[in-house]
Amino acid sequence: MIPVYNFLQFIFLIIGFPIILALVSARKKYRDRIRQRLGFGLPWTIDDDRSSRMEKRIWIHCLSVGEVTSAVPFIKALRRRLPDARIILTVATATGQQVAEKRIGALADAIMAGPLDLRFTVHRFLRHINPDLFILVETDFWPNWLDSLRRLHIPVMLINGRISAASFSNYRKLRFFFAPLFQTFSLLAMQTGSDAEQIRELGAPPDRVVVLGNLKYDTAPPLSDSGRQLNRTPLRLVRDSIIWICGSTHAGEEKQILTAFSRLEMEFPRLALVIAPRNPERAGEIVRLARERGLQAVCRTSDAAEPTRLLILDTIGELTECYRLAHVAFIGGSLVDQGGHNPLEAAAFGVPTLFGPHMEDFHEIAEDLVRAGGGRTVRSAAEMTDAVRGLLLDLDLHHAMSKAAAGLIADGSGVVDRHLDAALDLLNPS
């Protein structure tokens with residue numbers, strides 16, 4: 001299969017060379033990216049003499065932003081467990097690499113573009129990195145990578161493995177192509193039993209497939225996360241209030257939230273609303289939006305002394321702890337097309353969680369929450385009003401959603417440690 005694949009790849013490159021050359025010549029960002037992915041200018045920091053170094057080298061690869069997000073808790077734990085290890089992270093997309101540099105930059109020894117699946121390029125990366133273990137996050141299977149790692153007897157592990165319905169259909173049609181790739185893995189750690197069953201059906205050796213859960217669940221804060229627990233008094237919320245928190249909101253969402261609140265506060269005079277904009281500098285804008293609807297909003301950093309039922313949380317670092325006080329939560333960036341934010345921050349405290357339809361960055365978690373009964377999708381101010389009203393009127397519904405949200409988090413705990421233990425077994429075989 002590999003010789004045929006490389007022959008077809010060679011033909012494609014010859015035919016498409018003029019187009020590729022024109023594209024690369026036209027845009028500097030493409031020139032720089034292609035140069036990196038061909039293995040030119042690899043960071044000198046990972047190319048030193050190993051003769052005097054005993055630490056292990058671990059090469060981790062992510063396709064894009066979602067995979068980088070999944071890898072963050074794993075890489076943090078790996079760095080704690082192996083402080084002297086060399087961690088080299090490659091990312092296929094430019095946006096994914098930017099996110100990696102922001103979130104993992106202090107943990108990795110090098111972050112760079114992943115190689116194109118050309119034989120000579122893959123060999124160049126392998127000679128340069130010289131890994132003791134290769135870890136692939138979720139997806140991005142390439143024949144020359146996996147075949148070269150197999151030939152060099154380097155252990156290969158898939159972590160947080162998943163197979164979508166569309167991917168499974170495509171893989172099954174090309175089973176002759178993908179089955180040999182899956183057989184190169186030393187271990188395939190899948191998110192769910194369904195994922196494990198599907199990858200076995202696609203040709204992965206059954207004895208190398210395990211179910212270890214979804215790494216993203218270990219991004220949730222533990223219930224005893226904070227040493228200082230906020231309460232209504234420093235937040236200046238009315239003492240007997242029932243709190244609805246809308247976290248990480250974006251422009252275009254607050255209008256709908258305030259519309260829902262203005263309808264609900266007449267029905268439920270004890271209801272209090274906390275809005276935490278993603279950008280705290282927008283607090284003044286939200287105060288004006290509230291005033292236009294006849295609502296009096298108070299900013300967290302203001303000098304107002306009177307308790308309020310509408311608070312704008314214009315601080316950084318307090319939102320997660322505030323969720324502890326919530327009766328219901330809404331996750332921002334989801335009614336508008338911003339990809340959503342992490343719903344686990346609220347669900348970890350057993351809070352029934354609402355979000356809009358744009359949860360692309362956390363779609364698996366959002367789907368899991370809805371499926372478990374701890375979350376619900378709302379698409380408008382009217383649906384948001386109905387959802388909050390239902391949770392205020394029906395205490396049995398609230399209890400069921402709260403229990404489901406907390407249960408989902410509990411079921412997902414320990415995922416990072418399970419992945420880490422499996423990786424270390426491959427790195428240090430007995």
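The values are calculated or read from the model by the stated rules, or taken from the named source; none is laboratory data. Not measured: the values here are computed from a predicted model. A quick note on method: Cβ atoms are made from the backbone with ideal geometry, for glycine too, and the neighbour counts reach across all protein chains shown.
Among the residues making up region 157-193, a single one is among the small types (Gly, Ala, Ser), surrounded by fewer than 22 Cβ atoms within 10 Å (Cβ to Cβ) and under 14 Å from residue 134 (Cα atoms): 186.
Which ones in region 56-72 are touching a Lys or Arg at 6+ places or on another chain (Cβ under 8 Å) and either farther than 17 Å from residue 127 by Cα or without any contact (Cβ under 8 Å) to a residue 24 or more places away in the chain (or both)?
Of all residues in region 56-72, those touching a Lys or Arg at 6+ places or on another chain (Cβ under 8 Å) come to 56-58, 68-70, 72.
Those that are touching a Lys or Arg at 6+ places or on another chain (Cβ under 8 Å) and either farther than 17 Å from residue 127 by Cα or without any contact (Cβ under 8 Å) to a residue 24 or more places away in the chain (or both): 68, 69, 70, 72.
Residue check: residue 154 meets all listed conditions (1) at pLDDT 95 or above; (2) under 21 Å from residue 215 (Cβ atoms); (3) not acidic (Asp, Glu) but one, namely (2).
Among what's in region 243-294 and is over 30 Å from the mean Cα position of the chain (by Cα), touching a residue at least 12 places away in the same chain (Cβ under 8 Å) and not in a helix (DSSP H, G or I), pick the residue that is surrounded by the most Cβ atoms within 10 Å (Cβ to Cβ). The selected residue is 272.
I want to confirm something. Restricting to region 122-181 and keeping residues that are of a type in the set (S, T, N, Q) and more than 26 Å from the chain's Cα centre (by Cα), which single residue is nearest to residue 87 (Cα to Cα)? Let's see the steps before the verdict.
Filtering region 122-181 for residues of a type in the set (S, T, N, Q) gives 130, 139, 144, 148, 160, 164, 167, 169-170.
If we keep only those that are more than 26 Å from the chain's Cα centre (by Cα) too, we end up with 130, 144, 148.
Details: 130: 11, 144: 22, 148: 20 Å.
Across region 122-181, the extreme among qualifying residues is 130.
When residue 67 is tested against (1) under 14 Å from residue 136 (Cα atoms); (2) at pLDDT 90 or above, only condition (2) is not met.
So, residue 287, is that one at pLDDT below 95 and of a type in the set (Val, Ile, Thr) or not? Please lay out each step first, then the result.
Working: at pLDDT below 95: no; of a type in the set (Val, Ile, Thr): yes.
In short, no.
The sole residue among 350, 339 that is in a loop (DSSP other than H, G, I, E, B), among the small types (Gly, Ala, Ser) and either in contact with a Ser or Thr (Cβ under 8 Å, 6 or more places away or on another chain) or within 30 Å of residue 82 (Cα to Cα) (or both) is 350.
Please work out if residue 117 is of a type outside the set (A, V, I, L, M, F, W, C) and closer than 20 Å to residue 419 by Cβ. Here the answer is no, as residue 117 does not meet what is asked. If the condition is being touching a residue at least 40 places away in the same chain (Cβ under 8 Å), part of a loop (DSSP other than H, G, I, E, B), of a type in the set (A, V, I, L, M, F, W, C) and touching a Phe, Trp or Tyr at 6+ places or on another chain (Cβ under 9 Å), then region 295-336 contributes 326, 335.
Between 196, 165, the distinction of being of a type in the set (Gly, Ala, Ser) and without any contact (Cβ under 8 Å) to a residue 12 or more places away in the chain belongs to 165 only.
Restricting region 353-365 to residues that are assigned to a helix (DSSP H, G or I) and without any contact (Cβ under 8 Å) to a residue 24 or more places away in the chain, which is surrounded by the most Cβ atoms within 10 Å (Cβ to Cβ)?
Just the residues of region 353-365 that are assigned to a helix (DSSP H, G or I), to begin with: 360-365.
Now drop any that are not without any contact (Cβ under 8 Å) to a residue 24 or more places away in the chain, which leaves 360, 363.
Details: 360: 15, 363: 13.
Here the answer is 360.
Here no helices (runs of 4 or more DSSP H) wholly within region 122-208 include at least 3 residues being under 27 Å from residue 363 (Cα atoms) and among the β-branched types (Val, Ile, Thr).
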